[in-house]
1. How about the stretch B:247-348: which helices (runs of 4 or more DSSP H) wholly inside it have at least 3 residues that are touching a residue at least 12 places away in the same chain (Cβ under 8 Å) and of a type in the set (D, E, K, R)?
2. Sort out which residues of the stretch A:44-60 are crowded, with 24+ Cβ neighbours inside 10 Å and more than 10 Å from chain B (Cβ to nearest Cβ), and write them in order of number.
3. Can you tell which of B:LEU122, B:LEU114 is in a helix (DSSP H, G or I) and free of Cβ contacts under 8 Å to residues at least 12 places away in the same chain?
4. Quick one: B:VAL205 ticks every box in (1) under 29 Å from B:ILE345 (Cβ atoms); (2) exposed (fewer than 14 other Cβ atoms within 10 Å of the Cβ) except a single one, so which number is it?
5. Pick out, from the stretch A:157-244, the strands (runs of 3 or more DSSP E) lying fully within it that include 1 or more residues that are of a type in the set (Val, Ile, Thr) and either free of Cβ contacts under 8 Å to residues at least 24 places away in the same chain or surrounded by fewer than 16 Cβ atoms within 10 Å (Cβ to Cβ) (or both).
6. Go through A:ARG296, A:ARG227, A:ARG221 for me and flag whichever is among the basic types (Lys, Arg), modelled with pLDDT of 90 or more and outside the structural domain of A:CYS23 (by TED's automatic domain parsing).
7. So which of A:LEU64, A:LEU89, A:LEU73, A:LEU97 is more than 9 Å from every other protein chain (Cβ to nearest Cβ) and aliphatic (A, V, I, L, M)?
Amino acid sequence: MTAALQAQGLGKRYGRRWALTDCTLDLPAGRVVGLVGPNGAGKSTLLNLAVGMLTPTTGSIEVLSSAAGTSQLARIGFVAQDTPTYARLSIADHLKLGAHLNPGWDETLANGRIQRLGLDPKQRAGRLSGGQRAQLALTLGIAKRPELLILDEPVAALDPLARREFLQDLMEAVAEQELSVVLSSHLVSDVERSCDYLVVLVDSRVQVSGDIETLLATHYRLVGPRRDEKSLPHNQHVISVSHTDRQSTLLIRTDEPILDPAWTVTQLTLEDLVLAYMGRSSQTKQNDRPVLEVQR
Amino acid sequence: MIWLTWRQFRLQALVVAGAVAALAILLAVTGPGLLDDYKTYPNDFLKQIQFARINQYLYMAGQALVYAAPPVIGAFWGAPLIARELEAGTHRLVWNQSISRTRWLVTKLAFTGLSAIALTGLLSLAVTWWSDPIDDAIDAGQAAGVFNVPRLLPPVFGARGVVPIGYAAFAFALGVALGLVIRRSVVAIAVTLAAVIAIQILSPVLLRPHLITPVKTNVIVTTDNMRGLQLSGPEEDPVVMRIEAKLPGEGNWKLSETTVNAAGQVQKTLPNWVAECGPPPPNASATEAQSRPPLSTCFQRLADEGYRQQISYQPADRFWGLQWREAGLFFVLALALSGFCFWRIRRDLT
């Protein structure tokens with residue numbers, strides 16, 4: 001299987017501040033990858049490195065099996081953060097722009113999309129709603145017929161309804177064209193709705209990365225009498241722990257069945273899973289802080 | 001890419017092109033008449049034409065417009081070219097189409113920059129052609145009304161020939177580079193305007209005199225060539241600060257003038273008797289004025305004692321030499337600034 005995106009020890013520094021450090025990542029092609037993380041985790045930096053808007057300070061990044069950069073612009077579609085468009089140009093002008101600047105431009109696809117969305121081609125982009133503008137930016141990204149489509153928080157500024165419509169529309173387009181997609185968001189619900197592969201990025205580090213179904217099938221919440229997490233079997237990796245006086249709640253990852261009858265085992269939602277990984281990073285960072293526990 | 005460049009640029013382009021076209025038409029209509037007059041009245045051409053108000057008006061308006069073109073082009077064509085994209089974030093849209101940033105910039109710079117050069121060239125050509133009879137008459141020693149500044153002198157020089165084109169190319173490239181550094185259109189426009197105007201004011205003082213080594217000559221002041229005498233102090237016993245002479249020939253650009261004595265030493269003040277080379281004091285009585293020796297006596301004494309004027313100047317026939325040098329210099333600067341833009345745009349810009 002070819003890789004959509006591969007990063008090795010990737011780092012990016014702005015002045016003195018590191019926006020991304022030591023990021024190692026391997027995203028398969030043909031998937032819809034959701035890149036989740038809190039604001040400032042380095043999601044935008046990673047995606048901008050992937051399209052060649054930025055150059056790495058350390059490490060390397062490959063997109064579609066060749067070094068990222070401006071040499072493969074035609075193979076990658078990019079919908080930048082805040083979905084920028086030319087406010088004074090009309091929708092028709094934007095499509096003309098796409099046709100002039102992209103050799104692989106699919107005019108039928110572009111016009112069809114605008115028509116289906118019910119947009120007036122003569123309308124200026126500055127007059128469009130946030131959702132319509134995002135749709136226009138997506139149309140430009142898709143109609144150049146890329147092999148990989150990268151979207152940087154495309155729905156961050158949209159209301160819930162527009163958000164859902166945009167993602168639904170994106171999924172339809174992806175299904176029709178069989179392209180790889182990498183989509184970043186700080187909301188798990190966006191990813192849950194549209195992606196089949198998850199990457200959690202916190203503090204510029206990849207916390208977890210994998211097929212969403214597999215992730216959900218191998219993560220469990222264990223609730224039982226209080227016990228030390230170190231006494232678990234070796235094949236169970238603890239993601240997060242919380243104790244009360246009598247009871248312990250553990251989030252674990254394991255490929256094996258859980259045999260201990262003392263545990264009440266429940267499945268995780270994607271949100272629980274993401275939050276657990278996000279929480280873990282903040283614990284490791286502030287490890288001098290005592291673990292939260294009710295004292296009596 | 002040319003389509004997009006034109007689509008984004010057409011409003012500013014049409015405004016400037018409209019102004020240039022309007023003036024060019026006016027000049028084209030009135031120019032032949034002016035040339036006829038020049039041939040009809042070889043000796044008092046300027047006196048004849050100064051009474052038609054349109055001539056004075058067009059002379060001044062053409063000059064003003066040629067001087068205005070570089071700052072306007074730099075500020076309103078150059079500065080927003082990249083700054084506006086960076087400000088609105090649209091560079092992230094256009095740089096992710098299938099063409100490289102370098103090609104994007106090549107098209108934008110070439111298309112807009114060549115438009116700037118072409119329009120300023122047309123404007124300067126029209127003004128230079130129209131004013132040519134007037135400039136010739138002034139260089140032949142005529143003068144009347146506003147028509148009294150030779151074309152080599154700073155007020156006129158920058159509004160003739162190829163110099164305006166060099167300035168326009170430079171101002172455009174400076175605007176683009178400043179926009180790329182400042183990243184905010186309005187600030188970039190203001191800074192570009194100020195910078196270009198400052199350069200227009202400073203270069204005749206600091207740069208132009210040194211483009212070709214000035215000619216140095218010695219002139220002895222006579223009754224005919226004396227152009228000024230500066231006195232200071234009480235009227236009965238004034239100190240003579242300096243005396244000025246005219247260069248032989250017309251249309252020269254005098255850069256500096258000092259008086260030296262027979263030993264070649266620069267004189268800060270002149271002997272008191274030199275005051276007699278000038279007219280009598282304003283409140284002198286008629287008898288006093290009568291009793292003054294003739295002016296020629298004073299000038300003779302000045303010459304006999306070895307006082308002479310050391311003048312450094314650019315002769316009138318260096319007009320085109322200075323034009324090409326100055327224009328060439330600003331073209332080189334424009335290329336250097338464009339090179340900077342290409343270098344900068346390949347680096348990270350988010």
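1. Values: elements: B:286-291, B:295-304, B:319-345.
By residue number, B:319-345.
2. Matches in the stretch A:44-60: A:LEU46, A:LEU47, A:ALA50.
3. Values: B:LEU122 fails: free of Cβ contacts under 8 Å to residues at least 12 places away in the same chain.
Sole residue among the options that is in a helix (DSSP H, G or I) and free of Cβ contacts under 8 Å to residues at least 12 places away in the same chain: B:LEU114.
4. All conditions are met except number (1).
5. It comes to A:219-225, A:237-243.
6. Values: A:ARG296 fails: modelled with pLDDT of 90 or more; A:ARG227 fails: modelled with pLDDT of 90 or more.
Result of the check over A:ARG296, A:ARG227, A:ARG221: A:ARG221.
7. On the way: A:LEU89 fails: more than 9 Å from every other protein chain (Cβ to nearest Cβ); A:LEU73 fails: more than 9 Å from every other protein chain (Cβ to nearest Cβ); A:LEU97 fails: more than 9 Å from every other protein chain (Cβ to nearest Cβ).
Result of the check over A:LEU64, A:LEU89, A:LEU73, A:LEU97: A:LEU64.
Here is a yes/no grid of residues against (1) farther than 24 Å from B:MET1 by Cβ; (2) surrounded by fewer than 21 Cβ atoms within 10 Å (Cβ to Cβ); (3) of a type in the set (A, V, I, L, M); (4) assigned by TED's automatic domain parsing to the domain that holds A:LEU151:
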residue: A:LEU35; (1), (2), (3), (4): yes, no, yes, yes
residue: A:THR85; (1), (2), (3), (4): no, no, no, yes
residue: A:ASP106; (1), (2), (3), (4): no, yes, no, yes
residue: A:ASP120; (1), (2), (3), (4): yes, yes, no, yes
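The values are calculated or read from the model by the stated rules, or taken from the named source; none is laboratory data. As the structure is a prediction and not an experimental result, all values here were calculated from the model. No Cβ is skipped: glycine too gets one built from the backbone with ideal geometry, and neighbour counts run over all protein chains shown.
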